[in-house]
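The values are calculated or read from the model by the stated rules, or taken from the named source; none is laboratory data. The structure displayed is predicted, hence computed values, not measured ones. Backbone-built Cβ (ideal geometry, glycine too); neighbour counts: all protein chains shown. Heads up: the accessible areas ignore ligands, DNA and RNA and are worked out on the full protein's heavy atoms, side chains in. Shrake-Rupley method; radii C 1.70, N 1.55, O 1.52, S 1.80 Å.
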Amino acid sequence: DAKTTQPTSMDCAEGRAANLPCNHSTISGNEYVYWYRQIHSQGPQYIIHGLKNNETNEMASLIITEDRKSSTLILPHATLRDTAVYYCIACLRNTGKLIFGQGTTLQVKP
Amino acid sequence: DTEVTQTPKHLVMGMTNKKSLKCEQHMGHRAMYWYKQKAKKPPELMFVYSYEKLSINESVPSRFSPECPNSSLLNLHLHALQPEDSALYLCASSQVDLITYNEQFFGPGTRLTVL
């Protein structure tokens with residue numbers, strides 16, 4: 001699995017977009033980028049994933065650079081309930097092995 | 001029902017005790033997982049079961065013994081644990097599908113304290 005690097009922490013104002021970066025410069029061509037988050041005292045929750053193209057779902061958008069060496073998770077209108085640790089994972093699809101890095105602690109402030 | 005349930009929520013045990021953690025899901029998922037999460041650290045994969053058979057063991061010490069008695073249930077049997085085994089133990093489940101992404105659904109975890 002490719003190593004990912006994320007900032008340790010970020011703040012975001014409520015109602016604004018939260019942009020969480022992830023570096024995965026050693027990602028291989030068939031490895032996907034996955035994002036999970038873990039709200040305090042809960043288990044992790046899947047957010048979104050992508051290979052090459054940008055992806056959007058009801059929770060977030062994922063922007064992957066053309067060289068695939070980095071990506072950004074966008075929460076378009078952050079709420080206080082989005083305060084969590086966000087994990088970026090780069091790995092092969094459906095291996096069953098999720099290797100979590102240190103993640104980014106996002107604090108959404110009123 | 002899109003929930004993974006884990007019991008108990010909290011468990012305190014001595015180093016000579018034997019106890020079990022239980023995980024249940026009724027989503028028809030055929031893969032189930034155990035993770036260990038120490039305080040302020042990310043989850044670490046321990047075991048993966050696929051179709052009730054152990055498919056991945058991440059070199060976990062034998063004092064942790066997983067069991068998957070049926071497709072809905074996953075147990076983790078604990079024996080002769082050490083204080084450093086104190087952690088949040090998370091269970092997850094997913095489909096086994098070659099076409100779509102098999103996102104993992106996590107339970108809330110069992111917080112284990114070993115005295």
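Computed values, structure above
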read-out	value
Binned Cα-Cα distances of region B:4-45, short to long, each 5 Å bin given as a whole percent	5, 15, 20, 25, 22, 9, 4, 0
Residue among A:Thr26, A:Thr95, A:Thr79 with the largest mean-square fluctuation in a Gaussian network model of chain A, springs linking Cα atoms under 10 Å	A:Thr95
Reciprocal mean inverse distance between Cα atoms of the protein assembly as shown - Kirkwood radius, Å	18.2 Å
Exposed-loop-free span, longest in chain B, where trypsin sites (Lys or Arg not before Pro) count as exposed if DSSP calls them loop and at most 14 other C-beta atoms lie within 10 Å	B:64-115
Stokes-Einstein translational diffusion, chain B - Kirkwood Rh over all Cα pairs, 1.002 mPa s, 20 °C, in µm²/s	151 µm²/s
Translational diffusion coefficient (Stokes-Einstein; Kirkwood radius from C-alpha pairs) of region A:45-110 at 4 °C, 1.567 mPa s, in µm²/s	99 µm²/s
Shape of region B:59-110, Cα gyration tensor, a/c cut at 1.5	prolate
For region A:1-45, convex hull volume per residue from C-alpha positions, Å³	120 Å³
Per chain B, cysteines lacking a partner by the 4.7 Å Cβ criterion	B:Cys68
Partnerless cysteines, meaning none of the other Cys C-beta atoms lie under 4.7 Å away, in chain A	A:Cys12, A:Cys91
In order through region A:15-24: 3J(HN,Hα) via Karplus (6.51 cos²θ - 1.76 cosθ + 1.60), integer Hz, x for Gly, Pro	x, 8, 6, 9, 10, 10, x, 8, 9, 9
Phi-based couplings in Hz for region B:88-95 (Karplus 6.51, -1.76, 1.60; Gly and Pro marked x)	8, 9, 9, 10, 9, 9, 7, 5
Amide hydrogen neighbours beyond the local backbone of A:Leu92, cut-off 5 Å, H modeled	A:Tyr32
Surface per residue (accessible, 1.4 Å probe) for region B:1-64, Å²	59 Å²
Under 12 Å from the Cα of B:Lys38 - aspartates and glutamates, other chains or at least 8 residues apart	B:Glu84, B:Asp85
Summed side-chain charge close to A:Cys12 - residues other than A:Cys12 whose Cβ falls under 10 Å, Lys, Arg +1, Asp, Glu -1	-1
Reach of B:Lys53 by Cα under 15 Å, taken over aspartates and glutamates that are not fewer than 8 positions away in the same chain	B:Glu67
Set A:Lys109/B:Lys40; A:Lys3/B:Lys41; A:Lys3/B:Lys18 screened for pairs whose C-alpha atoms are more than 26 Å apart	A:Lys3/B:Lys18
Residue-wise HN-Hα coupling along region A:82-90, computed from phi with Karplus coefficients 6.51, -1.76, 1.60 (Hz; x: Gly, Pro)	7, 4, 5, 9, 9, 10, 9, 10, 10
5 Å binning of all Cα-Cα separations within chain A, expressed as whole percents from 0 upward	2, 13, 25, 26, 20, 9, 4, 1, 0
